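Undergrad: Before anything else, here's the structure in question.
The values are calculated or read from the model by the stated rules, or taken from the named source; none is laboratory data. Everything quoted here is computed from the prediction, not taken from an experiment. Every residue, glycine as well, gets a Cβ built from its backbone with ideal geometry; the counts of neighbours run over all protein chains shown.
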């Protein structure tokens with residue numbers, strides 16, 4: 001995940017066990033981390049008895065909700081790798097949901113895809129115009145686009161959906177006229193449904209694994225799979241092609257890129273428009289989930305996508321991990337209010353580990369705070385049966401905040417990210 | 001003449017931006033088969049009788065008060081290159097807790113109001129302070145964290161309203177906190193209409209107008225006439241220069257966010273103390289986001305923000321008449337959104353033009369329009385995504 005790691009072979013050996021665990025580079029380490037996470041979840045599930053924590057229905061909801069966040073994050077990746085901070089992702093996502101609803105109710109799901117991407121890309125174009133051509137501060141332009149997009153969506157809804165014979169109203173579109181096709185893996189997730197059987201056994205670790213596997217293979221829309229494939233595709237495009245190298249050079253050192261003949265302005269435009277299109281595509285998936293455009297459907301997911309980009313250290317793999325995490329917490333709060341309480345146990349365990357580590361490093365204050373919060377979370381887990389809806393609603397946002405504050409230490413953003421580049425002035 | 005030359009570019013950019021925004025939004029309306037002139041006619045129509053006209057003005061000023069405070073709160077942070085996008089959550093959470101506190105206690109008149117204000121200010125400042133602490137200790141970008149804090153605050157507010165602070169009977173269509181007793185309600189200022197010989201409108205002009213004016217003056221003095229204000233501006237324009245001259249950057253971030261949050265705590269109070277007397281499910285929302293727009297339009301200066309707030313309040317007043325006249329009332333949001341975008345573009349162009357003319361040496365040395373704090377919102381010299389910003393001051 002992290003790019004800042006130096007080549008592993010230059011490190012001196014730190015004993016056979018440490019080598020086994022941390023050797024083999026970032027991929028091996030990520031695998032271990034994933035396995036540890038799974039085991040932790042499995043323990044928490046077994047202790048708390050909250051089967052929803054790793055059930056296949058939660059997992060498929062998590063996948064559905066992670067995709068829009070991940071797409072917004074990918075959008076942010078394109079734009080920020082080209083040096084343009086994109087707070088406007090949320091607004092572009094709103095435009096995407098509106099475009100998807102408008103095209104979708106008339107011509108079906110295929111048109112919804114096109115409509116959402118187009119509307120999002122329009123938002124991106126506006127952001128590019130303001131930041132690249134006019135040199136407006138990136139965050140300011142993004143905030144303005146968010147305000148404008150919300151107003152525009154409401155305005156267009158008022159215009160097209162009130163008195164519409166197909167249905168809809170000021171805050172929502174008529175239903176999308178067709179659903180995207182979906183599939184299940186034969187034998188494993190449908191028919192004999194082997195994974196489903198295994199999941200119902202509630203065995204430690206195995207059932208959790210089965211739940212996760214069934215969740216992402218049963219009744220999955222083909223477009224969802226394609227969206228997930230955009231993550232490796234983005235990696236290949238940005239890190240393995242000349243186009244990607246040029247685009248990233250605009251985000252690292254635009255003046256140098258310019259001197260080597262890279263058309264910086266054009267690349268920034270392309271990147272930000274793609275960014276808007278991807279955020280819009282994220283909006284389309286939200287419309288697919290509900291089958292309808294609804295106002296406030298995005299509910300800050302564009303921002304969460306941006307957070308997953310930061311969490312993922314401006315890399316596609318890390319971004320996908322972040323999106324998965326936030327999608328999961330989102331799915332959990334939607335599916336089961338009591339399962340969110342089980343998350344408290346998880347937080348308690350993680351913070352306890354952090355506290356011990358900080359104490360060992362003699363960081364008494366940080367360790368102390370972590371320990372106190374860990375105890376509080378554990379007490380909360382023991383005493384609370386079910387959280388009220390108002391509190392549960394911000395689970396993904398609180399998760400985002402917690403994760404960022406625990407993890408945003410060794411991140412490296414593109415060097416010229418957020419700087420206004422004027423030709424000849426730098 | 002000299003004053004005019006100094007004010008000229010500073011005034012020109014916003015005025016030009018508003019005109020451009022009106023043209024663009026007219027084009028959008030026309031493209032969607034809504035006659036823009038009819039819409040503007042409805043916006044400008046204040047009614048026929050003197051009472052109606054004065055009422056319209058009262059509505060505008062009443063709306064402008066919270067907008068002014070919101071703009072001020074955002075601008076304080078903007079001045080030092082910080083983005084307090086969390087104003088929305090700060091004032092909503094502050095208002096509901098202040099409303100509940102105000103209903104729970106009983107004190108003599110002015111003291112009661114003072115306590116309510118104090119509670120609101122403290123809650124909002126603490127909420128903003130969390131963002132600042134996360135930034136200086138953990139290096140979390142205040143943009144992301146304040147947005148997330150918004151969602152958390154709104155969730156908390158809805159929990160508090162439906163749970164512990166619920167004052168309305170079970171099954172009521174609008175859930176609200178218990179009503180603040182008479183001693184905690186702020187009287188209106190309608191006496192001045194009689195003194196001015198105007199018709200007395202049925203609506204009360206919020207007494208909070210006076211407090212907002214005092215806050216505006218205090219903030220203006222603080223920002224322009226004190227060491228703190230200078231440090232704040234310096235940190236915004238050049239963090240490295242500021243810290244070289246002995247400004248503690250991390251302490252500055254915390255202080256600025258606390259101050260910004262404290263002002264944000266006041267935003268909900270004009271409505272709470274002057275009109276609703278309780279926090280309800282349909283309490284005025286969205287002021288925090290509008291505050292960002294107002295601050296940008298007002299170029300982060302208290303006087304500019306006051307005018308920007310009046311303009312936005314004027315646009316907002318048209319919501320109801322537009323609905324009555326069967327026009328899409330969201331044109332107001334469109335106009336506001338385009339104004340913001342046009343203003344930031346215009347500010348940027350004005351800054352560039354000013355710099356070019358300064359380079360040519362035609363402008364009077366001291367007459368150059370403000371750079372940095374008057375540019376496109378936050379100080380130009382700090383890239384919002386610079387290494388200092390997101391990865392934070394860990395040193």
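Undergrad: What's the total number of residues in region A:137-173 that are closer than 26 Å to residue A:268 by Cα and without any contact (Cβ under 8 Å) to a residue 12 or more places away in the chain?
TA: Count: 1.
Undergrad: Hey, another quick one. So, residue B:392, is that one within 9 Å of another protein chain (Cβ to nearest Cβ), closer than 30 Å to residue A:406 by Cα and modelled with pLDDT under 85 or not?
TA: yes
Undergrad: Is it the case that region A:203-214 has a residue that's assigned by TED's automatic domain parsing to the domain that holds residue A:273 and over 30 Å from residue A:104 (Cα atoms)?
TA: Within region A:203-214, none of the residues are assigned by TED's automatic domain parsing to the domain that holds residue A:273 and over 30 Å from residue A:104 (Cα atoms).
Undergrad: Counting only residues that are at pLDDT 95 or above, give me the helices (runs of 4 or more DSSP H) lying completely in region B:217-309 with at least 2 of them.
TA: By residue number, B:249-265.
Yes or no, residue by residue, for (1) in a helix (DSSP H, G or I); (2) facing chain B (nearest Cβ under 10 Å); (3) surrounded by fewer than 24 Cβ atoms within 10 Å (Cβ to Cβ); (4) modelled with pLDDT under 90:
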residue: A:70; (1), (2), (3), (4): yes, no, no, no
residue: A:80; (1), (2), (3), (4): yes, yes, no, no
residue: A:85; (1), (2), (3), (4): no, yes, no, no
residue: A:91; (1), (2), (3), (4): yes, yes, no, no
residue: A:94; (1), (2), (3), (4): yes, no, no, no
residue: A:100; (1), (2), (3), (4): yes, no, no, no
residue: A:128; (1), (2), (3), (4): yes, no, no, no
residue: A:136; (1), (2), (3), (4): no, yes, no, yes
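Undergrad: Now for a different question. Scan region B:151-185 for residues that are in contact with a strand residue (DSSP E or B) (Cβ under 8 Å, 6 or more places away or on another chain) and not in a loop (DSSP other than H, G, I, E, B) and jot them down.
TA: B:161, B:166, B:176, B:177
Undergrad: Follow-up question, since we're still on this one. Looking for whichever is more than 9 Å from chain A (Cβ to nearest Cβ), surrounded by 20 or more Cβ atoms within 10 Å (Cβ to Cβ) and under 22 Å from residue B:54 (Cα atoms) here; the options are B:297, B:273. Which one fits?
TA: B:273
Undergrad: What's the total number of residues in region A:364-392 that are farther than 30 Å from residue B:281 by Cα and surrounded by 14 or more Cβ atoms within 10 Å (Cβ to Cβ)?
TA: Total meeting the criteria: 10.
Undergrad: Identify all residues within region B:152-197 that are farther than 30 Å from residue A:308 by Cα, surrounded by fewer than 21 Cβ atoms within 10 Å (Cβ to Cβ) and within 11 Å of chain A (Cβ to nearest Cβ); write none if there are none.
TA: B:162, B:163, B:164
Undergrad: Restricting attention to region A:103-113, which residues are surrounded by fewer than 16 Cβ atoms within 10 Å (Cβ to Cβ) and in a helix (DSSP H, G or I)?
TA: The answer is A:106, A:107, A:110.
Undergrad: Also, quick follow-up: Among the residues of region B:198-213, is there at least one that is touching a helix residue (DSSP H, G or I) at 6+ places or on another chain (Cβ under 8 Å), more than 30 Å from residue A:394 (Cα to Cα), within 14 Å of another protein chain (Cβ to nearest Cβ) and modelled with pLDDT under 90?
TA: no
Undergrad: Right, another one. Which members of region B:310-331 meet the condition of being within 11 Å of chain A (Cβ to nearest Cβ), part of a helix (DSSP H, G or I) and without any contact (Cβ under 8 Å) to a residue 60 or more places away in the chain?
TA: The answer is B:323, and nothing else.
Undergrad: Does residue A:301 satisfy being within 14 Å of another protein chain (Cβ to nearest Cβ), in contact with a helix residue (DSSP H, G or I) (Cβ under 8 Å, 6 or more places away or on another chain), surrounded by fewer than 21 Cβ atoms within 10 Å (Cβ to Cβ) and in contact (Cβ under 8 Å) with a residue 40 or more places away in the chain?
TA: no
Undergrad: Can you find, within region A:284-298, the residue that is surrounded by the most Cβ atoms within 10 Å (Cβ to Cβ) among those that are within 13 Å of chain B (Cβ to nearest Cβ) and out of contact with any helix residue (DSSP H, G or I) (no Cβ under 6 Å at 6 or more places or on another chain)?
TA: Within region A:284-298, the match that is surrounded by the most Cβ atoms within 10 Å (Cβ to Cβ) is A:295.
Undergrad: Filter region A:355-396 down to the residues that are away from chain B (no Cβ under 12 Å) and in contact (Cβ under 8 Å) with a residue 40 or more places away in the chain and list them by number.
TA: Of everything in region A:355-396, those that are away from chain B (no Cβ under 12 Å) and in contact (Cβ under 8 Å) with a residue 40 or more places away in the chain turn out to be A:381, A:384, A:385, A:386.
Undergrad: Search region B:126-151 for residues being in contact with a helix residue (DSSP H, G or I) (Cβ under 6 Å, 6 or more places away or on another chain) and surrounded by fewer than 22 Cβ atoms within 10 Å (Cβ to Cβ), and hand back the single one that is farthest from residue A:395 (Cα to Cα).
TA: Residue satisfying both the conditions and the ranking: B:136.
Undergrad: Among helices (runs of 4 or more DSSP H) lying entirely in region A:329-426, which contain 1 or more residues that are more than 30 Å from residue A:85 (Cβ to Cβ)?
TA: Answer list for region A:329-426: A:337-360, A:364-383, A:389-392.
Undergrad: Which one of A:319, A:281 is in contact (Cβ under 8 Å) with a residue 12 or more places away in the chain, in a helix (DSSP H, G or I), surrounded by 24 or more Cβ atoms within 10 Å (Cβ to Cβ) and over 12 Å from the mean Cα position of the chain (by Cα)?
TA: A:281
Undergrad: Oh, and also: Which of the residues that make up region B:239-270 are crowded, with 21+ Cβ neighbours inside 10 Å, over 16 Å from residue B:86 (Cβ atoms) and touching a residue at least 40 places away in the same chain (Cβ under 8 Å)?
TA: B:239, B:252, B:269, B:270, listed by residue number.
Table: residues versus (1) in contact with a helix residue (DSSP H, G or I) (Cβ under 6 Å, 6 or more places away or on another chain); (2) touching a residue at least 60 places away in the same chain (Cβ under 8 Å); (3) over 22 Å from residue B:304 (Cα atoms); (4) not in a helix (DSSP H, G or I).
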| site | (1), (2), (3), (4) |
| --- | --- |
| B:39 | yes, yes, yes, no |
| B:46 | yes, no, yes, yes |
| B:54 | no, yes, yes, no |
| B:58 | no, yes, no, no |
| B:83 | yes, yes, no, yes |
| B:94 | yes, yes, yes, no |
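Undergrad: Can you name the condition, by its number, that residue B:140 falls short on among (1) away from every other protein chain (no Cβ under 12 Å); (2) in a loop (DSSP other than H, G, I, E, B); (3) within 18 Å of residue B:77 (Cβ to Cβ)?
TA: (1)
Undergrad: Looking at (1) out of contact with any strand residue (DSSP E or B) (no Cβ under 8 Å at 6 or more places or on another chain); (2) more than 16 Å from residue B:94 (Cα to Cα); (3) within 14 Å of another protein chain (Cβ to nearest Cβ); (4) in contact (Cβ under 8 Å) with a residue 24 or more places away in the chain, find the lone condition where residue B:127 falls short.
TA: (2)
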